[in-house]
Amino acid sequence: MPIDLIIFDCDGVLVDSEVISCRAHADVLTRHGYPITSEQVFERFLGRSTRQANLEIESELGRKLPDAYHGDLQDELFRSFEANLEAIRGIHDVLDVVTQAVCVASSGSHQRMRVSLGSTGLYERLAPKIFSASQVTNGKPAPDLFLLAAAEMAVPPHRCVVIEDSLAGIAGARAAGMTVFGFHGGSHCRDGYAETLHRAGTDLTFADMRQLPELLRRVEADALAG
């Protein structure tokens with residue numbers, strides 16, 4: 001079937017934010033009584049919503065995270081994004097040439113995406129076709145967010161391709177019945193991460209965003225031939 005919609009994850013796919021985000025989460029959580037490293041944040045919470053992560057942390061702590069934690073985390077994230085965040089190399093070029101409709105489906109909040117996408121010149125290119133886990137009951141790895149995006153864009157799930165870098169996102173896209181490309185070109189992706197994405201069930205993996213238009217053409221040609 002033809003591909004009518006490309007659904008991009010945000011962090012680690014559109015913007016190279018995961019190293020910054022994991023470091024900020026680790027620093028602020030540790031200050032508020034939950035010692036954790038940025039590597040542990042990456043392993044446990046990559047691709048999951050803040051709401052889900054907080055529930056898990058609070059269950060382990062046996063108490064609610066203090067109100068100050070949420071404000072401190074937002075301040076640290078936004079300060080770091082505005083100072084250091086860059087778009088994934090090649091994404092602006094890709095958006096210039098792809099012929100399919102595009103949208104964003106992220107575990108991050110709309111406010112966070114306004115800052116991260118805005119600081120890299122992507123927000124104005126993609127708004128208002130931006131969807132957040134805050135709009136659904138169950139975030140990734142549930143399929144709800146991807147199904148919402150497809151419904152809002154009026155495209156059947158089987159004619160969507162999702163670009164993801166997280167295991168939770170891959171699981172959600174597969175559960176939604178969509179084709180999934182695993183992207184491992186962000187600075188957080190270590191040696192062997194392509195194989196990790198492949199084992200999680202991606203249809204293919206790639207590390208250079210500028211390859212995406214050709215990969216889309218290849219998948220469509222294979223579908224027509226098969």
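When residues of segment 62-94 are filtered for being part of a helix (DSSP H, G or I), farther than 17 Å from residue 119 by Cα and in contact with a Leu (Cβ under 9 Å, 6 or more places away or on another chain), how many remain?
Summing the residues that are part of a helix (DSSP H, G or I), farther than 17 Å from residue 119 by Cα and in contact with a Leu (Cβ under 9 Å, 6 or more places away or on another chain) in segment 62-94 gives 3.
Collect the residues in segment 173-204 that are polar (S, T, N, Q) and surrounded by 19 or more Cβ atoms within 10 Å (Cβ to Cβ), keeping them in residue-number order. Spell out the reasoning first.
Let us first name the residues in segment 173-204 that are polar (S, T, N, Q), namely 179, 187, 196, 202.
Answer for segment 173-204, where residues must be polar (S, T, N, Q) and surrounded by 19 or more Cβ atoms within 10 Å (Cβ to Cβ): 179, 202.
Looking only at segment 71-81, decide whether some residue is outside the structural domain of residue 160 (by TED's automatic domain parsing), of a type in the set (A, V, I, L, M, F, W, C) and surrounded by fewer than 18 Cβ atoms within 10 Å (Cβ to Cβ).
For segment 71-81, residues outside the structural domain of residue 160 (by TED's automatic domain parsing), of a type in the set (A, V, I, L, M, F, W, C) and surrounded by fewer than 18 Cβ atoms within 10 Å (Cβ to Cβ): absent.
Please work out if residue 173 is in contact with a strand residue (DSSP E or B) (Cβ under 8 Å, 6 or more places away or on another chain), part of a helix (DSSP H, G or I), under 22 Å from residue 212 (Cβ atoms) and not polar (S, T, N, Q).
On the way: in contact with a strand residue (DSSP E or B) (Cβ under 8 Å, 6 or more places away or on another chain): yes; part of a helix (DSSP H, G or I): yes; under 22 Å from residue 212 (Cβ atoms): yes; not polar (S, T, N, Q): yes.
Yes.
Restricting segment 97-149 to residues that are assigned to a strand (DSSP E or B) and not small (Gly, Ala, Ser), which is farthest from the chain's Cα centre (by Cα)? Before you say what the answer is, go through the steps one by one.
Narrowing segment 97-149 to residues assigned to a strand (DSSP E or B): 101-106, 130-132.
This time we only want the ones that are not small (Gly, Ala, Ser), so: 102-104, 130-131.
Working: 102: 14, 103: 12, 104: 8, 130: 12, 131: 11 Å.
Once the filter is applied, the top-ranked residue is 102.
Would you mention how many residues in segment 142-166 are within 16 Å of residue 47 (Cβ to Cβ) and surrounded by 20 or more Cβ atoms within 10 Å (Cβ to Cβ)?
In the first step, residues of segment 142-166 are kept if they are within 16 Å of residue 47 (Cβ to Cβ); the result is 142-146, 149, 162-166.
Next cut, surrounded by 20 or more Cβ atoms within 10 Å (Cβ to Cβ) only: 143, 145-146, 149, 162-166.
Matching residues across segment 142-166 total 9.
The values are calculated or read from the model by the stated rules, or taken from the named source; none is laboratory data. What you see is a predicted model; the values in this text were computed from it and never measured. Reconstructed Cβ throughout: ideal geometry from the backbone, glycine too, with neighbour counts over all protein chains shown.
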